Amino acid sequence: MEDYLSEREQVDRIRQWWKENGAWIIIGLGGGLLAIAGWNWWQNYQQERATQASALYSVVAEAAMEDRVDEVRLGVERLAAGHAGSPYLQHARMALAAASVRSGDMDAAIAELEQVLADAADAQLRQVARLRLARVVLATGDSDRALELARGADDGAFAAALLEIEGDALAARGEDAAAREAYQQAIAAAQGTPGIIDEAFVQLKLEALAPGVAGDAEAGGETS
């Protein structure tokens, strides 16, 4: 009888505990299931968004290759409106900048590259944008800003390319000695990162600035 009462007491205690805590257990289990379901939904949603951004960027890239600038711009606007946090937006801006340069719209190209430089999360992409921006502004005749962009970066693997732009900007300012030094440094830096610049072309630019080259050319012209 004592054993029976002991078991009965245990059952009663279990029932009382369940009565007091059962609801919270159910809520906890339900919350866990909802959290799992919510996480799965979020993952699927993110994947779907990434797929949409990728598809839209493919359209932009194709239009850019054919210099359909208006279509590229429209694609960038759609990416900005619906996928502002996607890296595809920054790559689309780069494509629009390139197409704008080819169409002669330097101001549009500069605006897009500045946006990438300001917003891109990827450090390497920001460096590429900086390089292209420096080249574009130099092409517009703004050697001061090109020099500022070339010098204002954590160069890393892009050291040679930035030094070449620095040399171009200095040469445009008439600072030939400083330009020669920048070109020499660019060629030296390129040894560690082959293919980052056209070393032969930089060497030609260096030789064109060599002391006495202009004078020799003029002397040759006088004797002919």
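Points worth noting:
- Remark: the R151-Q184 segment gains 10.3 nm on full extension, using 0.36 nm per residue and subtracting the alpha carbon distance.
- Summed residue charge, Cβ within 12 Å of T140's Cβ, Lys/Arg positive, Asp/Glu negative: -2
- Backbone HN-Hα couplings from phi across the stretch 81-88 [Karplus 6.51/-1.76/1.60, Hz, Gly and Pro as x]: 6, x, 9, 4, x, 7, x, 4
Laboratory data are not the source of any read-out in this text; all were calculated from the coordinates shown. Everything numeric in this text was worked out from a predicted model, so none of it was measured. Every residue, glycine among them, receives a Cβ derived from its backbone with ideal geometry; neighbour counts consider all protein chains shown.
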